[in-house]
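The values are calculated or read from the model by the stated rules, or taken from the named source; none is laboratory data. The model shown is predicted, which means the values in this text are computed figures rather than measured ones. Cβ atoms come from the backbone with ideal geometry, glycine included; neighbour counts cover every protein chain shown.
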Amino acid sequence: MAHFKEVSQQSGLHPKPAGLVLQYGTAGFRTSANQLDHIMFRMGLLATLRSKKTKATIGVMVTASHNPEEDNGVKLIDPMGEMLTSSWEGYGTQLANTEQEDLLTTLKDIVEKEAIDMSHEASVFVGKDTRSSSPSLSQAVLDGIKALGGHSKDYGLVTTPQLHYMVCCQNTQGKYGEATLEGYYSKLSQAFSQLAKNASNRTDDQKHLCVDGANGIGAVKVRELESHLKKDLQLSIFNDGSRGKLNHQCGADFVKVQQKPPIGIKINPGDRCCSFDGDADRIVYYYTDSKGHFHLLDGDKIATLISSFLKELLNEAGLDLKIAVVQTAYANGSSTHYLENTMKVIVRCTKTGVKHLHHAAQEFDIGVYFEANGHGTVLFSRGAEGKIQQLAADTNINDERKKAALLLQNTINIINQTVGDAISDMLLIEAILAIKGMTVQQWDTIYSDLPNRQLKVKVSDRRVIETTDAERRAVTPAGLQDAINDLVKKYKQARSFVRPSGTEDVVRVYAEADTQENADALAHEVSLAVY
Ligand code: 16G
Ligand code: ZN
């Protein structure tokens, strides 16, 4: 096998530091950039195998999302634009950790186990974020693809969701859209402009949005989008990478965890603002009121806004489709209560990590999924899309039903169904607020968040904590859950859970209660119980 010889030679240029062990985690590999060169080369190999196996284009994204600039990471994208199937994550870990001299054996093992026809062509799309380490690391991915004889297309600087989109477009022969940045911007902006036509008499203030780009790729790409938006939306872009450091005291993760505005942004009371994370697959909104108080509208508030909009449209269109909202244990208790009891939609809770939410959402006609941290999107089943398209084309229905059907059709087009996408979510949220004539303050009052606190605890081995019930209960170590239950009983409207992080060597603690003091105290007490 000529290719294996090439791999053998090339891998010497991307040697693995002996003894280094890394794992394909919740969202691929993520660690200090200087440990990743061999991982990138090997993920180029794995993507090539995956492409030969699926007979489809596979994506490889080089990014470490909201991690500091010094880190980097890599994740693979499966044919429909979804995350790599979990049964292959293990191969990722195996390939990453096999010592240099055993690489070919490991590679051949995978080929054999998966019965991969090595004579089949392979095609891999590669993208990267703005980190200073990304160019050389993405070159290592390209080297890996080439060594195994795969074809690659380098999209260069793109957001993570943009690369997911390209992969999906490519494998659906353009049915999902055109696999180019221009195709992405025109699909989304045209849908936005169609939706915005349903908003009446908006003032310039209502059209204005402040965007914190986390000094990352999102800022670059939202600027490219801007020229397609005409005057429907006026963006002020902050933290665009020209001065500040990536994710440093800015971006969606900082704003959500710290519950305060990012640096580098000047906001006046009432201004509508949003923050992207470092690879633009998350978004949160916020504003400050006249007293200077900060108000956060996180993934839960976004899911509520979007699902109530969709539910109203389904009613108006007279379409009987099952809609559900998928959340994780981090969802604020008030949001779950509001969705179940006031909106009366089905709510599901899954483990943390996009792939879990994505799979749960696929079980419904319309699945709205959001993590509280701002990662989320909406999935429409094929059947649901078909019914909506059919109704939108029906000439025998009344104006109200027609209008609702057209709004649903454009909503489908504005959404990136492959993965959470800050740019696409932003456009959808802006369109909904415009159509409803709703201010960010009005949106915020749909329900009030329970005060909450997140803490992280360093322990010697986080794996001693095992959880069940979508991470809401700890089964090991013995006695921990009982201790948490006893602490929770001391407070009103309280809830708390602990889980080992999938991306950092820490245990995460979440607590909510009737007041901020109580949420803080509970989180602190639970973190002591974890030691
Ligand atoms: C990753 C996940 C995100 C999750 C986070 C949890 C993807 C694309 N990203 O960033 O969904 O919220 O990990 O991190 O799946 P943690 O396990 O460290 O709390
Ligand atoms: Zn991200």
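Within 24 Å of Q9 (Cα to Cα) and either in a strand (DSSP E or B) or within 16 Å of ligand 1 (Cβ to nearest atom) (or both): does that describe G81? Outline the logic, then answer.
Working: within 24 Å of Q9 (Cα to Cα): no; either in a strand (DSSP E or B) or within 16 Å of ligand 1 (Cβ to nearest atom) (or both): yes.
So G81 does not fit the description; no.
Which one is surrounded by the most Cβ atoms within 10 Å (Cβ to Cβ), of the residues in region 246-260 that are within 15 Å of ligand 2 (Cβ to nearest atom) and on the phi > 0 side of the Ramachandran plot?
Ranking the candidates gives G251 first.
Cβ-Cβ below 6 Å, separation at least six or inter-chain, first residue in region 505-531 and assigned to a strand (DSSP E or B), second more than 16 Å from ligand 1 (Cβ to nearest atom) and not β-branched (V, I, T): which pairs?
Close Cβ pairs (under 6 Å, with a partner that is more than 16 Å from ligand 1 (Cβ to nearest atom) and not β-branched (V, I, T)) amount to A511/A519; A511/L522; E512/G333; E512/L450; E512/R495; E512/A519.
I'm trying to understand the selection: among the residues of region 4-43, which are within 28 Å of D117 (Cα to Cα), charged (D, E, K, R) and in contact (Cβ under 8 Å) with a residue 24 or more places away in the chain?
E6, K16, D37, R42 - these are the residues of region 4-43 that are within 28 Å of D117 (Cα to Cα), charged (D, E, K, R) and in contact (Cβ under 8 Å) with a residue 24 or more places away in the chain.
Return yes or no: is L522 more than 16 Å from ligand 1 (Cβ to nearest atom), buried (at least 19 other Cβ atoms within 10 Å of the Cβ) and modelled with pLDDT of 95 or more?
On the way: more than 16 Å from ligand 1 (Cβ to nearest atom): yes; buried (at least 19 other Cβ atoms within 10 Å of the Cβ): yes; modelled with pLDDT of 95 or more: yes.
So L522 fits the description; yes.
Any chance region 291-298 includes a residue that's away from ligand 1 (no atom under 16 Å from the Cβ) and in contact with a Lys or Arg (Cβ under 6 Å, 6 or more places away or on another chain)?
Yes - at least one qualifying residue is present in region 291-298.
Tally time: how many residues in region 480-503 are in contact with a Phe, Trp or Tyr (Cβ under 7 Å, 6 or more places away or on another chain) and closer than 28 Å to T31 by Cβ?
Of the residues in region 480-503, 1 are in contact with a Phe, Trp or Tyr (Cβ under 7 Å, 6 or more places away or on another chain) and closer than 28 Å to T31 by Cβ.
Taking K456 and the conditions (1) within 25 Å of the chain's Cα centre (by Cα); (2) under 25 Å from S290 (Cα atoms); (3) free of Cβ contacts under 8 Å to residues at least 60 places away in the same chain, which numbered condition does it fall short on, given that it satisfies the others?
K456 satisfies all of (1) within 25 Å of the chain's Cα centre (by Cα); (2) under 25 Å from S290 (Cα atoms); (3) free of Cβ contacts under 8 Å to residues at least 60 places away in the same chain except (2).
What number of residues within region 121-169 are in contact with a His (Cβ under 8 Å, 6 or more places away or on another chain) and either in a loop (DSSP other than H, G, I, E, B) or assigned by TED's automatic domain parsing to the domain that holds V220 (or both)? First the steps, then the outcome.
Narrowing region 121-169 to residues in contact with a His (Cβ under 8 Å, 6 or more places away or on another chain): 121-124, 140, 143-145, 147-149.
When the remaining residues are screened for being either in a loop (DSSP other than H, G, I, E, B) or assigned by TED's automatic domain parsing to the domain that holds V220 (or both), the result is 121-122, 148-149.
Here the count works out to 4.
So, in region 342-357, exactly how many residues are of a type outside the set (A, V, I, L, M, F, W, C), on the phi < 0 side of the Ramachandran plot and near ligand 1 (Cβ under 9 Å from one of its atoms)?
Step one: of region 342-357, the residues of a type outside the set (A, V, I, L, M, F, W, C) are 342, 344, 348, 350-353, 355-356.
From what is left, the residues that are on the phi < 0 side of the Ramachandran plot are 342, 348, 350-352, 355-356.
Narrowing the set further to residues that are near ligand 1 (Cβ under 9 Å from one of its atoms) leaves 352, 355-356.
Going through region 342-357 one residue at a time, the tally reaches 3.
Are there any pairs, at least 6 apart or on different chains, whose C-beta atoms fall under 6 Å, with the first in region 465-487 and at negative phi and the second part of a helix (DSSP H, G or I) and of a type in the set (S, T, N, Q), and if so, which?
Once the first residue is at negative phi and sits in region 465-487, its partners that are part of a helix (DSSP H, G or I) and of a type in the set (S, T, N, Q) give R473/Q481; A474/Q481.
Could you please let me know if I484 is assigned to a helix (DSSP H, G or I), away from ligand 1 (no atom under 16 Å from the Cβ) and either over 18 Å from E371 (Cα atoms) or at pLDDT below 95 (or both)? Break it down into steps so the answer makes sense when it comes.
Working: assigned to a helix (DSSP H, G or I): yes; away from ligand 1 (no atom under 16 Å from the Cβ): yes; either over 18 Å from E371 (Cα atoms) or at pLDDT below 95 (or both): yes.
So I484 fits the description; yes.
So which residues in region 259-288 are within 16 Å of ligand 1 (Cβ to nearest atom) and hydrophobic (A, V, I, L, M, F, W, C)? Outline the logic, then answer.
The initial filter retains those residues of region 259-288 that are within 16 Å of ligand 1 (Cβ to nearest atom), namely 275-284.
Of everything in region 259-288, those that are within 16 Å of ligand 1 (Cβ to nearest atom) and hydrophobic (A, V, I, L, M, F, W, C) turn out to be F276, A280, I283, V284.
Test C210 against the criterion of being more than 16 Å from ligand 2 (Cβ to nearest atom), surrounded by 20 or more Cβ atoms within 10 Å (Cβ to Cβ) and either under 22 Å from A64 (Cβ atoms) or modelled with pLDDT of 95 or more (or both), and give yes or no.
Yes; evaluated as a whole, the condition is true for this residue.
If I ask for residues that are without any contact (Cβ under 8 Å) to a residue 60 or more places away in the chain and assigned to a loop (DSSP other than H, G, I, E, B), which ones from region 374-396 would you list?
Going through region 374-396, the residues without any contact (Cβ under 8 Å) to a residue 60 or more places away in the chain turn out to be 377, 379-383, 385-386, 389-390, 392-396.
Passing the criteria: S381, D394, T395, N396.
With respect to the numbered conditions (1) surrounded by fewer than 22 Cβ atoms within 10 Å (Cβ to Cβ); (2) assigned to a loop (DSSP other than H, G, I, E, B); (3) touching a strand residue (DSSP E or B) at 6+ places or on another chain (Cβ under 8 Å), which one is the sole condition not fulfilled by W88?
(2)
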